[in-house]
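Data block below; observations after.
The values are calculated or read from the model by the stated rules, or taken from the named source; none is laboratory data. The shown structure was predicted, so the numbers you read here are calculated from the model rather than taken from an experiment. Glycine also receives a Cβ, built like all others from the backbone with ideal geometry; neighbour counts cover every protein chain displayed. These area figures cover heavy atoms from the full protein model, side chains too; ligands, DNA and RNA do not enter into them. Shrake-Rupley method; radii C 1.70, N 1.55, O 1.52, S 1.80 Å.
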Amino acid sequence: MKLSEIKELLNADVIVGEDLLNSIEVETAFASDLLSDVLAYAKEKALFLTGLTNPQVIRTVEVLDLIGVVFVRGKVPQMDTVELAKRKNIPLLRTKCILFETCGRLYTAGIKASIEKVD
């Protein structure tokens, strides 16, 4: 599913990366408000769903080679976060949906969980 389709599915606003929406394919997503969980369990090429808005979100996306961020609950990322995402060419979207609903919509649309096996 294209990131542009996810934008429509979540009725999301694009903060950064409008020009990337049709070129990014999304197959998996990882949702968390704990960056330690993302670092421990997320696989590369996933879409990151979070309510965190600080620049560490972008650093985490970069380290794990994730494909973009959807901020949930209508959260507005900090200006430093937006500027860093622009420099790193990482798309940022924002939806008013809560994290649970965002996950449900994506799962229903065929997006799979991006997670390393948990023992």
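Key figures for this structure:
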quantity	calculated
Out of 64, 21, 47, sole residue that is under 18 Å from residue 111 (Cβ atoms), crowded, with 22+ Cβ neighbours inside 10 Å and of a type in the set (A, V, I, L, M)	47
Lone unmet requirement of (1) surrounded by 15 or more Cβ atoms within 10 Å (Cβ to Cβ); (2) out of contact with any strand residue (DSSP E or B) (no Cβ under 6 Å at 6 or more places or on another chain); (3) within 20 Å of residue 115 (Cα to Cα); (4) not aromatic (Phe, Trp, Tyr) for residue 40	(1)
Helices (runs of 4 or more DSSP H) completely within the range 25-119 that count 1 or more residues being over 19 Å from residue 3 (Cα atoms) and not aromatic (Phe, Trp, Tyr)	35-41, 56-64, 79-88
The range 5-18, residues that are open to solvent by 30 Å² or more (accessible area, probe 1.4 Å) and assigned to a loop (DSSP other than H, G, I, E, B)	11
Selection count where residues are open to solvent by less than 80 Å² (accessible area, probe 1.4 Å), of a type outside the set (A, V, I, L, M) and over 15 Å from residue 32 (Cα atoms), scope the range 67-87	4
Flag if residue 90 is at pLDDT 95 or above and open to solvent by less than 40 Å² (accessible area, probe 1.4 Å)	yes
